[in-house]
Amino acid sequence: MFYLNERPLLQSSFFFYVGKATLTINSGKALTVTDSIQNEAGTSGIEVKSDVSGTASLIHEAAQIDATVEHYIPKYVGAAGWHYISSPIVTQAIQPEFVANPPYSSDDFYKFSEPEYLWLSVKDNSGNWNESFEDDFVVGCGYNVAFAENETKSFTGELNAGDFTFNTSTTPAITYTADGGIGWNLMGNPYPSGLDWDQCGRTNIDASVYAYDGDAGQYVSWNGSIGALNGGIIPAMNAFFIKASANSELTIPNDARTHAANNFYKEKDYVEDLLVLKVEGNGFSDKTFIHFNADASNEYDSDFDAYKLSGIFEAPQLYTKAGDSKLSINVLPYTIKEITIPLCLKVGAETEYKISVSENTFWETVDISLKDLETGNLYDLRTQTSFTLNHEPNNSSDRFLILINGATGLEENKIEDDGIEIYAYGNQIFIKTNGEGEAQVSVYNLLGQTIASRTLTGLGTLSEFRIDKPSFYLVLVRTDETRKVKKVFVR
């Protein structure tokens, strides 16, 4: 018997011969086999373990490999405890491992029907097995389950391998029904490892993906660069929603596999011009994301934005709006004008809630504040990064406005540009150019408004930008060959 439990990751460039022995990958550990795995026909000599601490991960290249893959599923507690699952096995029966035969009254096992826009149960109205429900897990399909006790379920058989493509004619099919689910399809990670959404191929499918954190009672989304689903990694044996249009196709390639043993973990990249707000209360929390991108619009953008899918009633729901669309990720275009973003809070209990700035990567010249329409309070989110308030289900969810000034996309150069020097002394701004030709100079205040502009010709120093109001200013100098932005303080 072999155990992989000393290191979090083991990579093999050769092959494993299991024979009648057992290769065990312990919970939270990971194994990559880049050649092949051999085990004797009829044996299941590979165990991929799972418990409350995490789930093991296996990436392999060979097909027709038998294994037992465990999936620890916490019990249903209060309103939380629903979990979206999928099978990493070619043929895995639903009964009796996941649903008793005959079903117990406590057995909750569903799939989502996009054409009907409803959850279909494995049980009929009499509590018996639903004869129209499939007997085996459909590879690539997601399911919704809840259990009365903590369960470690086992998928046993031949591991899925290779690329997978789903469209209108496959099983499961990706459908779009205008008077039904309008393209919401619950898909499943088909591998015994994490799945990187950013590596999947999409045709007529929105960029954002939506997973469900059953313990938190919240959906988490990812648009390719930001979101609460960290890194866009869908854990092993997890299902996820996509938003499809007509004639959609999704390709899940082998290359999209990644080790992510602990749910929703990946090293996070730094993203500029991002504001993340968090609400906490009633034992739950939620986040909403506001980002700026030159290619975005003020309406819903299928390449950038993510809808707000509501979690359980007890958990607070924090989201913004773009027109009639409720968004968990709201990506907007840069502008020199003040932008007003409706911020909504919907709760299921009357109690105290805390709203805080979880992340703010805007340059310090960008002014960000929050207006409470109920109390009239205005919070400067640069100087006051958290506050508490009372909110109840009967309160209007349209309670707040986010006010942002100066989100122009102009930022101070990280390195000095040859030939251009910008500095301030007293109440004047000086620009020195050493090159030939013309240079366009613009000065912006903290609101992103242009307060002065001029064209410089030839060599020399300009000292005629006299500023009456002490403050920080952005100075932009553009030539045919370069551009330089610098923040200066005028006294």
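The values are calculated or read from the model by the stated rules, or taken from the named source; none is laboratory data. These numbers come from a predicted model, not from an experiment. Glycine gets a Cβ as well: all are built from the backbone with ideal geometry, and neighbour counts include every protein chain shown.
Observations, loosely collected:
- Criterion (aromatic (F, W, Y), touching a Lys or Arg at 6+ places or on another chain (Cβ under 7 Å) and assigned by TED's automatic domain parsing to the domain that holds S87) met by exactly one of Y110, Y143, Y117: Y143
- Screening E158, E149 for residues that are closer than 29 Å to Q95 by Cβ, in a loop (DSSP other than H, G, I, E, B) and either among the charged types (D, E, K, R) or not assigned by TED's automatic domain parsing to the domain that holds L120 (or both) leaves exactly one candidate, E149.
- Failed criterion for S208 (all others in (1) in contact with an Asp or Glu (Cβ under 8 Å, 6 or more places away or on another chain); (2) crowded, with 24+ Cβ neighbours inside 10 Å; (3) within 22 Å of H71 (Cα to Cα) hold): (3)
- Being in the same structural domain as T156 (by TED's automatic domain parsing), touching a Phe, Trp or Tyr at 6+ places or on another chain (Cβ under 9 Å) and not acidic (D, E) is true of A80.
- Against the conditions (1) under 26 Å from S297 (Cα atoms); (2) in contact (Cβ under 8 Å) with a residue 12 or more places away in the chain, A349 satisfies every one except (1).
- Pick from the stretch 9-36, criterion charged (D, E, K, R) and over 29 Å from the mean Cα position of the chain (by Cα), ranking: modelled with the highest pLDDT: D35
- Set G217, G194: member being at pLDDT below 95, buried (at least 21 other Cβ atoms within 10 Å of the Cβ) and not assigned by TED's automatic domain parsing to the domain that holds Y307: G217
- Among the residues of the stretch 52-76, those identified as part of a strand (DSSP E or B) and within 22 Å of G142 (Cβ to Cβ) are G54, T55, S57, L58, I59, A67, T68, V69, E70, H71, Y72, I73.
- For the residues A146, A67, A161, the requirement of being buried (at least 16 other Cβ atoms within 10 Å of the Cβ) and touching a helix residue (DSSP H, G or I) at 6+ places or on another chain (Cβ under 8 Å) singles out A161.
Yes/no per residue for (1) within 23 Å of the chain's Cα centre (by Cα); (2) within 21 Å of N254 (Cα to Cα); (3) of a type outside the set (G, A, S):
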site: S53; (1), (2), (3): yes, no, no
site: V69; (1), (2), (3): no, yes, yes
site: I73; (1), (2), (3): yes, no, yes
site: P88; (1), (2), (3): yes, yes, yes
site: F112; (1), (2), (3): yes, no, yes
site: S126; (1), (2), (3): no, no, no
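- Near pairs, Cβ below 8 angstrom, 6+ apart or cross-chain, from the stretch 284-305 (not assigned by TED's automatic domain parsing to the domain that holds S369) to any residue that is surrounded by fewer than 19 Cβ atoms within 10 Å (Cβ to Cβ) and of a type outside the set (S, T, N, Q): none
- First in the stretch 226-247 and without any contact (Cβ under 8 Å) to a residue 60 or more places away in the chain, second anywhere and part of a strand (DSSP E or B) and among the aromatic types (F, W, Y), Cβ under 7 Å, 6 or more apart: L229/W222; G232/W222; I234/F240
- Test: residue in the stretch 236-258 that is modelled with pLDDT of 95 or more, aliphatic (A, V, I, L, M) and over 19 Å from the mean Cα position of the chain (by Cα): yes
- Residue identified as outside any loop (DSSP other than H, G, I, E, B), crowded, with 20+ Cβ neighbours inside 10 Å and either more than 22 Å from the chain's Cα centre (by Cα) or not assigned by TED's automatic domain parsing to the domain that holds N298 (or both) among L370, L327: L370
- Lone unmet requirement of (1) in a strand (DSSP E or B); (2) on the phi < 0 side of the Ramachandran plot; (3) not aromatic (F, W, Y) for D198: (1)
- Conditions (1) crowded, with 20+ Cβ neighbours inside 10 Å; (2) modelled with pLDDT under 90; (3) of a type in the set (V, I, T); number of the one not met by T55: (2)
- Filter result (loosely packed, with under 13 Cβ neighbours inside 10 Å and at pLDDT 75 or above) within the stretch 391-420: E392, P393, N394, S396
- Output for the stretch 123-146, where each listed residue is touching a residue at least 12 places away in the same chain (Cβ under 8 Å), assigned to a loop (DSSP other than H, G, I, E, B) and among the charged types (D, E, K, R): E134, D135
- Failed criterion for K278 (all others in (1) surrounded by fewer than 19 Cβ atoms within 10 Å (Cβ to Cβ); (2) outside the structural domain of D380 (by TED's automatic domain parsing); (3) not hydroxyl-bearing (S, T, Y) hold): (2)
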